Every structure is written in C-alpha cells, then in structure tokens.
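**Student:** The structure under discussion is supplied below as structure tokens; questions concerning it will follow.
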Amino acid sequence: MKICVCVKHVPDTAATIKLAGDNGFEDSEIKFVPNPYDEYGIEEAVSLVEKQGGEVVIVTVGKATAVTTIRGAMSMGAHRAILIKTDSQFLDASLTARALKAAMDQDGLPDMIFTGKGSVDTESFQTQYRLAKSFNMPIVNEVSTLTIDSGKAIAEREIGGGEKQVIEMSLPCVIGVTKGLNEPRYPKFQDIMKAKKKEIREMDLSELGIDVSQGKTMIEKLEPVPERSGATMLEGSVDDQVTELVRILKEDEKVL
Amino acid sequence: MAKTGILIEIENNTVKDTSLGVMTAAAGQEIYALVLGQDAAVVKDKLAEYGASHIVSITASGDLSSSPDLQSQALAAAVTEYNFETLLGTASATGRDLFARLAAILDQPLVSDCVQVNIAEKKVRKSHFSGKTFATLKVNGSVLLCTIRPNSIEPVAAPTAGELIEFVADVADPGLIKIVETKKAGADKLDLTEAPVIITGGRAIKAAENYKMLEDCAQKLGAAVGASRAAVDAGYAPHSMQVGQTGKTVSPKLYIACGVSGAVQHFAGMKTSKVIVAINEDKDAPIFSKCDYGIVGDIFDVVPLLTEKL
Ligand SMILES: Cc1cc2nc3c(=O)[nH]c(=O)nc-3n(C[C@H](O)[C@H](O)[C@H](O)COP(=O)(O)OP(=O)(O)OC[C@H]3O[C@@H](n4cnc5c(N)ncnc54)[C@H](O)[C@@H]3O)c2cc1C
C-alpha cells in the first residue's frame, strides 16, 4: 500500500508572530514545525504500513526551509518525500491542491492520502477537499477514528455536540485527520539519524505548470488580534465578587 | 444588491441563531434562504423576519440527508439556477464540510470561518495563525463562498415579505461515501461551537464527575460546557469538549474559564469571545492578563455560588 501524507511547514503555535509590511511576517527567527494535525496523519500512515506493508511518502508544498519539517516526518517513519517549492508561506488553496495532485500524478497514484483537518497558519480547511475532487476520490474530514479493511475505510467524524457520523468509503480515498485518532510517536535518536539519509525529491511549482498569479484569494492585510490589556479583578469576599460579576454581566456587558 | 444565498441550519424545526447571524452578515443584499431537504414552510416566517425575500426549499430525487456529496451537489445546482454572486453559511461542523465540498465542485475560492464579510468589495476578515492575527482577504471568484464563525455577527431583524419557492435539484449521489450510522451524544447537548455562552473547566476540575458542577451552572446560563486540553488528556472530559488550537474554535458572547491557566493554545480557540471571565486560585495565573474579568478563588467555592446567584 502506498500512502501519501500531505504535511505543511507552519510556525509553532507558541511562537510570537511578528508582522512585516501589510501582509507578511518575519519567518526567519521563529520556530517552524509540522502542522500539528498532520502529525496524526503521519502516525496513522506509518502504523498502517507497519502492519500491511508498503511505503509512506510525505508531500509538502512550501519554502525550501520546509526540509526540517520533512525530516521530522521521516524520523517518525515515512520512507521518502516530495517537496514542491514555493516562495511564499501563503499559497491559494486551489493552487496547493493542484500542486499536490500534479506531484502525485508524477510519482504514481497512492492508495490513500492523509492530510490534517486544516493548517494552523491559514486555517482555510479546504485543500484536502479540492485534492480529493481532482482525483474524484471520496473524502472525509475531521476524522478521529479510522479502520481500514479489505479495500474499505470506515471513518468517524464529529458533527457537533459530541454527535458522530460513521462513514464508509472505498480506497483510494482522502482522510483529513484530527486529534483523538492516535498518539503521534516521539522519534528515537537512531530514527532521526536514519531520516537524514532518506530521499527528498524537490520540484518547483512552475515545473508542475502552476502559476502563482492565478490564485483567487489574496491576503491584503495581516494585523494582530487586539489583546486584552488585563482583567478587571473583582474585589471583596467571594460572595461580593460573584454578586458583582453577575451584575456586570447582566447590566454592563448585557451578555446574560 | 447582490443575489446572496444563505445556507440555513435548522434544529427541532427552529432556525439556529447562528444562521440568523449569517443572514445579518448579508444585510442589504437580495437574500435567498436555502433550506436543504427539510420543511421550509415551518421556518418561513422567521427567515422572512430576518431579511430573506426568497425562501428556497431544496430537494432532489434522492434523500438529501444520506450524503454530504449529494447535499453539496444540490447546493451547486442552486448556485447555477439562481446565479448567486455570494453564498454564505455557518462555520459549523456541517457548514465547513459542505462548503469545502461545494467549493471543490464549483472550483471557486472559499474562505472559512470569517468574522466579517464585505459582499460589495468581496473582502473578508478571518483569523490566521491560530487566532493570533486577523487576515483581510480579497476574493476574486465569480461566486464568493464563505462560512461565518458562529456568534461573530449578532442577528438583527430586517422584516421582508418572504416568498416560498420549491427547487428540485437534478443531481445524483456520486456514491463515493456512505453514512452508515449516526452516533448520538449522551444527552441533547448544546454544540460548543455554536453556544452563545460557554463555561470551561481546566485541569483544576480534578475528576470527570466534577463537571457536574459546571453542568449545573451551564443549565442556568444556557451554556455549553468546555474543557482544556489538560483536562481532556487527564481523562476528565472527551475530546469533543476541548476548546483550543487542537480542539474547537469558539466565539461565544460570554466565556467563563474555571481553573484554566491561559495557555496560547487554549486562547487560540476562544480569544474572539466577546467577554472572557476567569476564575483561578492563583492571582498570578497568566489568564488574568488576557481576560476581561477575574475572580481569584477556588472554583469549588466560586462556581456553586455563581450557579446560586444566576
Ligand atoms: C501543539 C499543542 C496544541 C495544544 N492544543 C491545546 C488545545 O486545543 N486546548 C488547550 O486547552 N490546550 C492546548 N494545548 C496545551 C496548553 O499548552 C496547556 O498545557 C493547557 O491549555 C493547560 O490546561 P489547563 O489550563 O487546564 O491546565 P494548567 O495549565 O495546569 O492550569 C490549571 C490552572 O488551574 C488553577 N487551579 C488549580 N486548582 C484550582 C482550584 N481549585 N480553583 C481555581 N483554580 C485552580 C491553577 O492555578 C492553574 O492556573 C496545546 C499544546 C500544544 C503544544
């Protein structure tokens, strides 16, 4: 079984984002990591291949620096990788999906594709759907339980309020994963060393026939979400504090 | 006035408040409220009250509820039938899924989880970098597709005479996926992402059974109960209750955090709440520097008292 895992190289969620110009950010000083949701996909793919045989190929659209994220995925057990190079952190989701498809077409079609449920930088939650559509493959997103059995995938996804849907589909398919699916492994030292020797095939977006200027969404402006400047601390006995809080919420804030 | 379709979500024969907010986001446009595979007549008056001049009941020869692929195809057919320039929905579990499928079918740009939409200029505002920044995006498609973050736009009535229309979409299920079962949650719980008020218990809750204390309070507040990741990882709450970067993104009018320290990853999921209250026994807890009101105290004293006084 060949499994492709789409992995994005994103700023660590604990990093402070320093904005630059109207719509950019300083990316040279902050730590980048594999998109946290994608790690569940890497883990799932690697453990499936450990059981059933095959190979796990990481496919990344990103800057040249995304190599560190790819090596991280390889140290978790992925066999090889494709890096489709771009100049910007922000690429239109349609173009990203087209790039992923073109690379997979060249490399040979996978039996399964994993992605995260979304990426934590652009939070656009759609690339996997566009990719699935371009291959005419079934897709289920936000999957937290998965069983693969005789050419079929059975996936569970939450649809709100703790309610879950169980969805069946045939392989090949695209599965967008989320927390709860598994516990991503911590690579051992020898796995990290081994990962350094694994193959990364590099391609350029333009080589795949993709023109960045065709993007249909453009970020015009990035601005910090205003921070609260610190709480109004309530005073007095616990009873006084709670009474005052209820009054504020009802009368001043009008949220009750 | 742009022809704007709004995907309406209905629960127990009532339009969800979050859908009314989405209609308000399109105020001033020619609004078509789209009801998928359910009885639109029972909600017609409400939809007209909030500005829908057309209330479209969309059906197909197959059972629409059987597949999200079929639903998104029916929506795509409606976009073509009525020439919508804009289609908006709620960024709920269902809305996010359907809009992504729809965007792939139409090959049109989609912006998920917007907090503001300017239909005339085709500009939207949404969170980026796990809630740390807002991005303003300019969208250049022939149809503007957006899902709106629940509760980010307060519903405002804008009464019109709504006309009920039937639209039978000529679509067939591609048969790629099949819903084999729907597992109900224990009680009829309020969905976290759509709840107007949320009360969350962090690691300080110490045991699964102590969530009962928050549930009692939630009942008075009309709130949903959330959890931090530390509480989920400790087994006190299921992942479906987790708020934060690896859990749910919520934006209620009121968020009460009980025994939560205020990690960035937690804030990533609730930062855009209108009012944030923290209850924590540690006066130096980081959460107090980024919320609106704080009470220093033991949650096991403060919460029961709050329940009593509500
Ligand atoms: C990649 C990544 C993703 C993450 N995603 C999420 C996420 O989605 N959601 C999330 O929440 N976290 C997430 N985290 C974890 C996050 O960093 C914090 O560890 C977590 O939010 C802490 O939870 P907490 O505030 O409940 O626990 P703690 O940090 O342990 O805080 C407990 C607080 O309770 C107070 N307290 C204790 N007892 C009492 C009492 N009796 N009365 C009053 N106060 C009391 C303490 O003073 C303390 O401030 C993520 C981390 C990473 C690295």
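**Student:** Collect residues whose amide H, placed 1.01 Å from N in the peptide plane, falls under 5 Å from the amide H of B:A257; neighbours closer than 5 in sequence don't count.
**Tutor:** Residues meeting the amide H criterion: B:T200, B:V277, B:A278, B:I279.
**Student:** 222 nm [θ] for chain A, helices only, -39500 (n - 2.57) per DSSP H run of 4+, per residue, to 500?
**Tutor:** The helix-only estimate for chain A comes to -8000 deg cm²/dmol at 222 nm.
**Student:** Connecting C-alpha atoms closer than 10 Å in a GNM of chain A, tell me which of A:T217, A:T115, A:T232 has the biggest fluctuation.
**Tutor:** Among A:T217, A:T115, A:T232, the largest GNM mean-square fluctuation belongs to A:T232.
**Student:** Something else about it: Among A:P172, A:P187, A:P36, which one moves the most in a GNM of chain A with springs linking Cα atoms closer than 10 Å?
**Tutor:** A:P187
**Student:** Compute and list, largest first, the equivalent-ellipsoid semi-axes of the stretch A:139-256 from the alpha carbon gyration tensor, each √(5λ) rounded to a whole angstrom.
**Tutor:** So the equivalent ellipsoid measures 46, 26, 22 Å along its semi-axes.
**Student:** Can you tell me the order of B:54-61, B:19-26 when each peptide is scored by its average per-residue count of other Cβ atoms within 10 angstrom, highest first?
**Tutor:** B:19-26, B:54-61
**Student:** For the protein assembly as shown, what is the accessible area per residue in Å² when the probe is 1.4 Å?
**Tutor:** 40 Å²
**Student:** Considering amide H positions built from the backbone, and no H for Pro or chain starts, which residues 5 or more places from A:I82, or on another chain, come under 5 Å of its amide H?
**Tutor:** Under 5 Å from the amide H of A:I82 lie the amide H atoms of A:I58, A:V59, A:T60, A:R201, each far enough along the sequence or on another chain.
**Student:** What is the antiparallel percent of DSSP beta bridges lying wholly in chain A, to the nearest 5?
**Tutor:** Around 40 percent antiparallel, to the nearest 5.
**Student:** Quick one: order B:E49, B:E121, B:E308 from most to least accessible surface, probe 1.4 Å.
**Tutor:** B:E308, B:E121, B:E49
**Student:** Order of A:25-31, A:3-9, A:155-161, A:64-70 by packing, highest average Cβ count within 10 Å first?
**Tutor:** The peptides rank, most packed first, as A:3-9, A:155-161, A:64-70, A:25-31.
**Student:** While we're on this one: With contacts defined as alpha carbon pairs under 8 Å and 6 or more residues apart, what's the relative contact order of chain A in percent?
**Tutor:** 23 percent.
**Student:** Same structure, new question: Gain in length, B:D284 to B:A207, computed as 0.36 nm per residue apart minus the alpha-carbon separation, to one decimal in nm?
**Tutor:** 25.3 nm
**Student:** Please compute how much accessible surface disappears when B pairs with A, both sides summed, using a 1.4 Å probe, and round it to the nearest 100 Å².
**Tutor:** When B and A are taken together, about 7100 Å² of accessible area is lost.
**Student:** Summarise the long-distance tail of P(r) for the stretch B:197-309 by giving the % of C-alpha pairs beyond 17 Å.
**Tutor:** Looking at the stretch B:197-309, the distances longer than 17 Å represent 46 percent of pairs.
**Student:** At q = 0.13, 0.20 Å⁻¹, work out log10 I(q)/I(0) for the stretch B:1-98 with the Debye formula, treating every Cα as an identical point scatterer and leaving solvent out; two decimals please.
**Tutor:** -0.38, -0.97
**Student:** Right, next: What are the residues whose amide H is under 5 Å from the amide H of B:C114, where those residues sit 5 or more places off or on another chain and H is modelled from the backbone?
**Tutor:** B:T147, B:I148, B:R149
**Student:** Would you mind calculating the relative contact order of the stretch B:250-310 from Cα pairs under 8 angstrom and at least 6 residues apart, reporting the percent as a whole number?
**Tutor:** In percent, rounded to a whole number, it is 32.
**Student:** Now a separate question. Return the sequence-ordered ³J(HN,Hα) values of the stretch A:178-191 in whole Hz as given by the Karplus equation 6.51 cos²θ - 1.76 cosθ + 1.60 applied to θ = phi - 60°, using x for Gly and Pro.
**Tutor:** Once rounded to whole Hz, the list reads 9, 4, x, 5, 6, 10, x, 6, 8, x, 8, 3, 5, 5.
**Student:** Another question, then. On alpha carbon coordinates alone, what is the Rg over Rh value for the stretch B:119-182, Rh being the Kirkwood radius?
**Tutor:** 1.08
**Student:** Could you compute how much accessible surface A:F90 exposes when probed at 1.4 Å, giving the result in Å² to the nearest 10?
**Tutor:** Counting only protein heavy atoms, A:F90 exposes about 40 Å² to solvent.
**Student:** Report relative contact order for the stretch B:197-309 in percent, whole number only (criteria: Cα-Cα under 8 Å, sequence separation at least 6).
**Tutor:** It comes to 25 percent, rounded to a whole number.
**Student:** To continue, here is another question. With axes computed from alpha carbons, what is the tilt in degrees of helix B:68-82 against the longest principal axis of chain B, rounded to the nearest 10 within 0 to 90?
**Tutor:** That works out to roughly 50 degrees.
**Student:** Follow-up. Compute for the stretch B:65-169: radius of gyration divided by Kirkwood radius, i.e. Rg/Rh, restricted to C-alpha atoms, rounded to two decimals.
**Tutor:** 0.98
**Student:** Looking at chain B, identify the longest residue range that excludes and avoids all trypsin sites (Lys or Arg not before Pro) in DSSP loops having at most 11 other Cβ atoms within 10 Å.
**Tutor:** The longest uninterrupted stretch comes out as B:1-183.
**Student:** Using θ = phi - 60° and the Karplus relation 6.51 cos²θ - 1.76 cosθ + 1.60, list the HN-Hα couplings for the stretch B:263-276 in order, rounded to whole Hz, with x at every Gly or Pro.
**Tutor:** Coupling constants for the stretch B:263-276: 5, 4, 5, 6, 4, 3, x, 9, 4, 8, 4, 5, 10, 10 Hz.
**Student:** Right, something else. Please quote Rg/Rh for the stretch A:2-214 to two decimal places, taking the Kirkwood radius as Rh and restricting both calculations to Cα atoms.
**Tutor:** Here Rg/Rh amounts to 0.95.
**Student:** Treating the angle as unsigned and between 0 and 90°, give the value, to the nearest 10°, between the Cα long axis of helix B:93-106 and the longest Cα principal axis of chain B.
**Tutor:** Taking Cα atoms only, the helix is inclined about 40 degrees.
**Student:** What is the spin-label model distance, in nm, from A:E253 to B:V180 if the labels are put 7 Å beyond Cα along the C-beta direction?
**Tutor:** The modelled label-to-label distance comes out at 4.5 nm.
**Student:** Could you state how much accessible area A:L245 has, in square angstrom rounded to the nearest 10, with a 1.4 Å probe and all protein chains kept in place?
**Tutor:** Looks like 0 Å² after rounding.
**Student:** If you take the alpha carbon radius of gyration of the protein assembly as shown and divide it by 2.2 N^0.38 Å, what ratio comes out, to two decimals?
**Tutor:** After normalising by residue count via 2.2 N^0.38 Å, the value is 0.96.
**Student:** Calculate the tail of P(r) for chain B: the fraction of all Cα-Cα distances greater than 31 Å, expressed in %.
**Tutor:** 35 percent
**Student:** Give me the distance between the Cα centres of the stretch B:91-105 and the stretch B:12-73, rounded to whole Å.
**Tutor:** If we compute the Cα centre of each part, the gap is 15 Å.
**Student:** How many nm separate the modelled label positions at A:E227 and A:E50, each set 7 Å beyond the Cα in the direction of the Cβ?
**Tutor:** In this crude label model, A:E227 to A:E50 measures out at 4.1 nm.
**Student:** Can you give the % of DSSP beta bridges in the protein assembly as shown that are antiparallel, to the nearest 5?
**Tutor:** Given both bridge residues lie in the protein assembly as shown, the antiparallel proportion sits at roughly 35 percent.
**Student:** Report, in deg cm²/dmol and to the nearest 500, the calculated mean residue ellipticity at 222 nm for chain B, where each DSSP H run with n ≥ 4 adds -39500 (n - 2.57) and the sum is divided by the residue count.
**Tutor:** My calculation for chain B gives -7000 deg cm²/dmol from helical runs alone.
**Student:** Per-residue HN-Hα couplings for the stretch B:238-243, Karplus 6.51 cos²θ - 1.76 cosθ + 1.60 at θ = phi - 60°, whole Hz, x for Gly and Pro?
**Tutor:** x, 4, 4, 9, 6, 9
**Student:** Can you tell me which of B:F167, B:F84, B:F129 moves the most in a GNM of chain B? Springs connect C-alpha atoms under 10 Å apart.
**Tutor:** B:F129
**Student:** Of the accessible area of the stretch A:1-43, with the probe set at 1.4 angstrom, what percent is carbon plus sulfur?
**Tutor:** 44 percent
**Student:** Shifting gears a bit: So which lysines pass the test for A:K51, namely a Cα distance under 17 Å, with those fewer than 8 places away in the same chain ruled out?
**Tutor:** A:K2, A:K152
**Student:** For helix B:211-221, what angle does its Cα long axis make with the longest principal axis of chain B, in degrees from 0 to 90 and rounded to 10?
**Tutor:** It is inclined by approximately 60 degrees.
The values are calculated or read from the model by the stated rules, or taken from the named source; none is laboratory data. Just so we're clear, the structure is a prediction, and the values are computed from it rather than from any experiment. Counting neighbours? That spans all protein chains shown, and the Cβs are built from the backbone with ideal geometry, glycine included. Calculation scope for accessible area: heavy atoms of the full protein, side chains included, ligands and nucleic acids excluded. Shrake-Rupley method; radii C 1.70, N 1.55, O 1.52, S 1.80 Å.
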